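Taking it in order: structure first as structure tokens, then the write-up.
The values are calculated or read from the model by the stated rules, or taken from the named source; none is laboratory data. If you're wondering where the values come from, they're calculated on a predicted model, not measured in any experiment. Because the Cβ atoms are built from the backbone with ideal geometry, glycine has one as well, and the counts that use them run over all protein chains shown.
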Amino acid sequence: MPATLLTTTTFATVFITLFTGHHVGDYWVQRHHHAMTKGNPGRAGRWACTQHVISLTITKALLLLLAGLALDLRLSAAGLITGFAADAASHWWADRRTTLAHLARLTGKSDFLKVGTPDHPNHPVDAEGTYAPTTGTGLHNLDQSFHIFWLFISSLIIAAL
């Protein structure tokens, strides 16, 4: 197999594996305490975010190890270290919440940030007409798309180095 085709298939395998690991780690593995406090100001928020990113990175690494063994992937230590570092750093940055919200405002997404929250005029309601919290908020969608972008970049790094 030519090196370019091998690199391309490695990239595709790494991306889908990290994408899967991201969803498992962000929704199933993440502790409720971390989800509720990782965006808080101060040391406690930073520590909760760090713990979440550690468990998330371990989840992704375990799935990539499984895929690598099953599919005989040839991944370099430099690619893995650099790719996982980029992914973990970007995930931590975004999950501090104020950072991502600031980026959203800078890029003209202020109104989208309000989608699904009580601040939006068409927010979700329950049968009684009161606000019904949901994960379908603008911030949640921006958060996930930011993470997926960095999964793409990290997968390129892992496959190419």
- Filter region 34-50 for residues that are assigned to a helix (DSSP H, G or I), within 20 Å of the chain's Cα centre (by Cα) and either surrounded by fewer than 18 Cβ atoms within 10 Å (Cβ to Cβ) or not polar (S, T, N, Q) (or both) and give the result. His34, Ala35, Met36, Gly45, Arg46, Trp47, Ala48, Cys49, Thr50
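Here are Thr135, Thr130, Thr82: which of them is among the polar types (S, T, N, Q), surrounded by fewer than 17 Cβ atoms within 10 Å (Cβ to Cβ) and within 23 Å of Tyr27 (Cα to Cα)?
Answer to the check: Thr135.
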- Would you mention how many residues in region 6-21 are surrounded by 16 or more Cβ atoms within 10 Å (Cβ to Cβ) and either in contact with a Gly (Cβ under 7 Å, 6 or more places away or on another chain) or not polar (S, T, N, Q) (or both)? 6
- Query: Would you say Val24 is crowded, with 17+ Cβ neighbours inside 10 Å, touching a residue at least 24 places away in the same chain (Cβ under 8 Å) and out of contact with any Cys (no Cβ under 9 Å at 6 or more places or on another chain)?
  - Reply: no
- Message: Given the condition at pLDDT below 95 and not in a helix (DSSP H, G or I), answer yes or no: does some residue in region 2-15 qualify?
- Response: yes
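One line per residue, one yes/no per condition, for (1) within 19 Å of Ala85 (Cα to Cα); (2) touching a residue at least 24 places away in the same chain (Cβ under 8 Å); (3) touching a helix residue (DSSP H, G or I) at 6+ places or on another chain (Cβ under 6 Å):
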{"residue": "Arg46", "(1), (2), (3)": "yes, yes, no"}
{"residue": "Cys49", "(1), (2), (3)": "yes, yes, yes"}
{"residue": "Leu64", "(1), (2), (3)": "yes, yes, yes"}
{"residue": "Leu69", "(1), (2), (3)": "no, no, no"}
- Subset of region 113-129 (residues that are within 16 Å of Leu139 (Cα to Cα) and touching a Phe, Trp or Tyr at 6+ places or on another chain (Cβ under 9 Å)): Thr117, Pro118, His123, Pro124
- Scanning region 138-151 residue by residue, those surrounded by 13 or more Cβ atoms within 10 Å (Cβ to Cβ) and out of contact with any Asp or Glu (no Cβ under 9 Å at 6 or more places or on another chain) turn out to be Leu139, His140, Asn141, Leu142, Phe146, Ile148
- Task: For residues that are without any contact (Cβ under 8 Å) to a residue 40 or more places away in the chain and touching a helix residue (DSSP H, G or I) at 6+ places or on another chain (Cβ under 6 Å), tally how many sit in region 83-100.
- Result: 3
- Item | Pairs with Cβ under 6 Å, 6+ apart, first in region 108-132 and farther than 22 Å from Arg97 by Cα, second surrounded by 11 or more Cβ atoms within 10 Å (Cβ to Cβ) and hydrophobic (A, V, I, L, M, F, W, C) | Val125/Ala132; Asp126/Ala132
- Report whether or not Asp95 is surrounded by 18 or more Cβ atoms within 10 Å (Cβ to Cβ), charged (D, E, K, R) and at negative phi. yes
- Restricting attention to region 1-35, which residues are within 18 Å of Arg97 (Cβ to Cβ) and polar (S, T, N, Q)? Gln30
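Take region 138-161 and flag every residue that is among the aliphatic types (A, V, I, L, M) and in a helix (DSSP H, G or I). I'd like the intermediate steps shown before the answer.
Within region 138-161, the subset among the aliphatic types (A, V, I, L, M) is 139, 142, 148, 151, 153, 156-161.
Within region 138-161, Leu139, Leu142, Ile148, Leu151, Ile153, Leu156, Ile157, Ile158, Ala159, Ala160 qualify.
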